[in-house]
Amino acid sequence: MSQGRGGALRPGFRKVLAQRLFELEQATRDDATQLYNLQERAAFERGYRAAVQDVLVLVGAGLAGAAFLTVCLSPALYQKVREKVRPWVVRQVELGRPWVIWIQRFRHPLLDRVHLLAANSCGIIFYITALPFLFWAGELQLARQLTSFMATCIYVGNAVKDAISAPRPDWKKGVRLVSDGASDGSSTDDMEYGLPSTHTINTVCMWLYIFYFYASSTSYGDGISVYWNTWRSPALQMMFCVILTWCTFIMYGRLYLGMHSPIDVAVGFGISMVLLHVYAAVDDFIDAWMTATTAFVPAYQSAFAVVLCWTYPQGLQRTPSYNYAVYFTGVCLGVVTGVWRCPHHHSVAAADAIKAVRGPLASTGFVLFVGRRFLVGLVLVLALRAASKEILKLLVPRVFQILGIPCSDHEAKQKEGKDPVGYNVLTPTRLLNYAVVGWTVVEPCFDVFEWLRI
């Protein structure tokens, strides 16, 4: 990766080793009498083994992703998985019902509000709001990597939901659904499937990755070993404990609200651990891809976004899960395209300049700086999102018509009691609409900030 790109913001342990090895090689060429000592040889060997591990992880992650998409693409495959797994999950949901009922014995109106508020902090709207905040605050690399990581988490979690199509706790058998719109706390409105808990996946992945990012930037290791080195820093220990407490609170809240069974939360936690371990090993490579300047980047990302929308598994009934996956796939596409178009806004120098102007995190200058940017940026994002939505509503059906591809609004047809025709015109509309949102965050907003000098 070339210098001056965003990926150089956080030199991990392996990068430091590689840099040291390069310096040693240069010194050896300049002075033939200088030899590697035992410590330097050991560093070289560790760096070599780490490089081999990186290659193996990349290959493994690629194969795992290809296998996952292959299963999602073929109804014959994921339906067989559903036939084998779903009956077992249904039994586990039934066995977990007494635990949910027991937890709900301690309900209180104040706890209801607290858990509902906490649940809203794990939704799609929260992530689409929080990630622009990181971009505009100058945490460019973290924002890029969280965008790609959360897009992965949201897609995988919701795809597994629909592939398995497992029910939520039975709200007719003692479990009470706590929601904003239910005065008595009960409801039979099952909008999404249960297993896995995507709130668990998203919360654990997001906050533990943020911890990993900052812990590794302080030279406490690289890769997943960061979590075992937190004992070296009391501040990291405290941060880690706070994050674990928050994640546990969210997982408990899913049971308290009656939204999930213990098996849903347990599987969600397991999936989050797998995703976190894999992504922590390849995050630098993904960031190098996102900051590359070759024209192949937006072309590939566009094709990949279409493939993701196409291979998504179909549940037993229509749920909002697919829309959530499309939203964040579009956001990631827009961010990658915007970073590719304006690398000068997302370089190391640009990040350093923003941090120099904003000041420390706990300062009044930081609050005023980010507050101004957030207000201006939010208005611009909402305006372009609304405008692009209306334009795409007119443009996308015309494009399908010109290409001779049958299409219709599947949701409107369903409400009218009619059979949908051809492809769902809403899918490309939503994908491109949220791609505009992601692109606006990383390009037009930065141009406006530069023009307004904020």
Residue by residue through the range 337-349, note down the ones that are in a helix (DSSP H, G or I) and either closer than 24 Å to residue 299 by Cβ or among the β-branched types (Val, Ile, Thr) (or both).
-> 337, 338, 339, 340, 341, 343, 344, 345, 348
What do you reckon, is residue 82 surrounded by fewer than 16 Cβ atoms within 10 Å (Cβ to Cβ) and either part of a helix (DSSP H, G or I) or in contact with a Cys (Cβ under 6 Å, 6 or more places away or on another chain) (or both)?
-> no
Taking only the range 162-178 into account, find how many residues are touching a helix residue (DSSP H, G or I) at 6+ places or on another chain (Cβ under 6 Å), over 15 Å from residue 98 (Cβ atoms) and either among the aromatic types (Phe, Trp, Tyr) or modelled with pLDDT under 85 (or both).
-> 1
Scan the range 350-389 for residues that are among the small types (Gly, Ala, Ser), within 12 Å of residue 138 (Cα to Cα) and not in a helix (DSSP H, G or I) and jot them down.
-> 359
Subset of the range 88-116 (residues that are within 19 Å of residue 196 (Cα to Cα), basic (Lys, Arg) and touching a helix residue (DSSP H, G or I) at 6+ places or on another chain (Cβ under 8 Å)) | none
Only one of (1) more than 22 Å from residue 191 (Cα to Cα); (2) surrounded by fewer than 19 Cβ atoms within 10 Å (Cβ to Cβ) fails for residue 323. Which number is that?
-> (1)
Could you please give the count of residues in the range 291-305 that are touching a residue at least 24 places away in the same chain (Cβ under 8 Å), over 17 Å from residue 434 (Cα atoms) and not in a loop (DSSP other than H, G, I, E, B)?
-> 1
If we keep only residues of the range 85-110 that are of a type outside the set (A, V, I, L, M, F, W, C) and in contact with a Pro (Cβ under 7 Å, 6 or more places away or on another chain), then the residue surrounded by the most Cβ atoms within 10 Å (Cβ to Cβ) is 96
Name every residue in the range 86-109 that is among the β-branched types (Val, Ile, Thr) and farther than 11 Å from residue 166 by Cα, in order of residue number.
-> 100, 101, 103
Please indicate, with yes or no, whether at least one residue in the range 342-360 is closer than 30 Å to residue 68 by Cα, surrounded by fewer than 16 Cβ atoms within 10 Å (Cβ to Cβ) and modelled with pLDDT under 85.
-> no
For residue 333, work out the one condition from (1) of a type outside the set (Lys, Arg); (2) over 17 Å from residue 446 (Cβ atoms); (3) surrounded by fewer than 16 Cβ atoms within 10 Å (Cβ to Cβ) it doesn't fulfil.
-> (3)
Can you tell me which residue within the range 380-399, out of those that are out of contact with any helix residue (DSSP H, G or I) (no Cβ under 7 Å at 6 or more places or on another chain) and aliphatic (A, V, I, L, M), is surrounded by the fewest Cβ atoms within 10 Å (Cβ to Cβ)?
-> 394
With respect to residue 308, determine if the residue is in contact (Cβ under 8 Å) with a residue 60 or more places away in the chain and part of a helix (DSSP H, G or I).
-> yes
Contact list, first residue from the range 113-140 and touching a residue at least 12 places away in the same chain (Cβ under 8 Å), second anywhere and in a loop (DSSP other than H, G, I, E, B) and surrounded by 14 or more Cβ atoms within 10 Å (Cβ to Cβ), beta-carbon distance below 8 Å, six or more apart or interchain, is 115/178; 115/257; 116/178; 116/179; 116/257; 119/257; 119/259; 140/346
Flag for residue 402 being part of a helix (DSSP H, G or I), surrounded by 18 or more Cβ atoms within 10 Å (Cβ to Cβ) and modelled with pLDDT under 90 = no
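The values are calculated or read from the model by the stated rules, or taken from the named source; none is laboratory data. Note that this is a predicted model, so its numbers are computed, not measured. All Cβ positions, glycine included, derive from the backbone under ideal geometry; neighbour counts span all protein chains shown.
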